[in-house]
Every structure is written in C-alpha cells, then in structure tokens.
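Structure first, commentary second.
Coordinate-derived values only; no laboratory data. What you see is a predicted model; the values in this text were computed from it and never measured. Cβ coordinates were reconstructed from backbone atoms using ideal geometry, including for glycine residues, and neighbour counts include every protein chain displayed.
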Amino acid sequence: MKLTSKVIISAPHIVIPKTYWTPLLGEVLRDADLITEAQLQIALRDKQEYKHRKIGEIVALRGWLRQETVDFFAEQWPNCLQQREKYLIGEYLQQAALLNKQDIENILDLQQDLKIKFGEIAVSQGLLTQKTLDFFLQNLFCQPSQNTLFIA
C-alpha cells in the first residue's frame, strides 16, 4: 500500500490531516476476488525471485488471469475510478475481459425477459462471483448489490 498525505481545511482555522492511498495491483486483484490471498502471496514470492517481472505478469503467466484483465486493472482501472461520467457495468466488465460481447448480449436478452439486474444475471450464470460484482459496483457506482450482507 502506498500512502500519501493531504490536508483538508473543513472550517475556518481547522485543519484535518487525511491519508489517501493507492492500492497496489495485487491488492486490487485480490479485493476484486480475481485472485486469492494465497495466489497473491505466491506472486509476491515469485516477484522476489524474478525481479524483472511485474506482479501482473506473474499472475498472467501462472494462468490465474488473462493478460487483458491484468492490463485493465494496471492501466485503466485508476482512470475508471476518476471518471465522472460512468458507463454501463457490462462495458467495464468487457473492458476488463471478464465478460465478452456474446456474454453481454446473452445477459441483455435474459434481462429483457426476466426484468432483473445485469449483474445478478452474470452471477447466476457463473460468469462472475458476487464479490467481483460488488467490487465493481462499490468502486465505480458507490453502491453494493442488494445481495451484499453488511455486518456491523
């Protein structure tokens, strides 16, 4: 985790320090439920041995994710988080190579018939895990799916 500090002035003469961090690629992939903690630890160990390799390369070389998915999270994900204008969830999932065009068309066809959310269909079809869907919804749209259980 990379930490940077920023100062926010919230009222006259009151200064509140706030810390922002940019999660590392391996953490993002783990948090999106695309790799496990064990896989992340193996990739980090591999990284020590093969210093010229990046974590994303190691994950793809081991066959845990497609290179296109790793590239999306390494190169495009930070920009997606900053965009004010958002795309449909299916477009992000296609950019991340988690769904292909045919998957999206099939989901949209089912969505017309069933009248349920795109993500719910993708999860029920086994194309995504619930945790991956929730990761996208929470980070891009600031809303978890209705199936998410929060424990206080």
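Going by neighbour counts of Cβ atoms within 10 Å, the residues Leu34, Leu110 line up, fewest first, as Leu110, Leu34. Candidates Leu114, Gly126, Phe72 compared by Cα position along the dipole of region 26-141: farthest toward the positive end lies Phe72, with charges placed on Cβ. Using θ = phi - 60° in the Karplus curve 6.51 cos²θ - 1.76 cosθ + 1.60, the 3J(HN,Hα) couplings for region 43-58 round to 4, 5, 5, 4, 4, 5, 7, 10, 4, 6, 8, 8, 4, x, 4, 4 Hz; x is entered for Gly and Pro.
Sparsely packed loop sites in region 71-103 (the chymotrypsin sites (Phe, Trp or Tyr not before Pro) outside DSSP H, G, I, E and B with at most 13 other Cβ atoms within 10 Å) comprise Tyr87. Using the alpha-carbon positions of region 26-141, Rg (one decimal) and Dmax (whole number) come out as 15.2, 52 Å.
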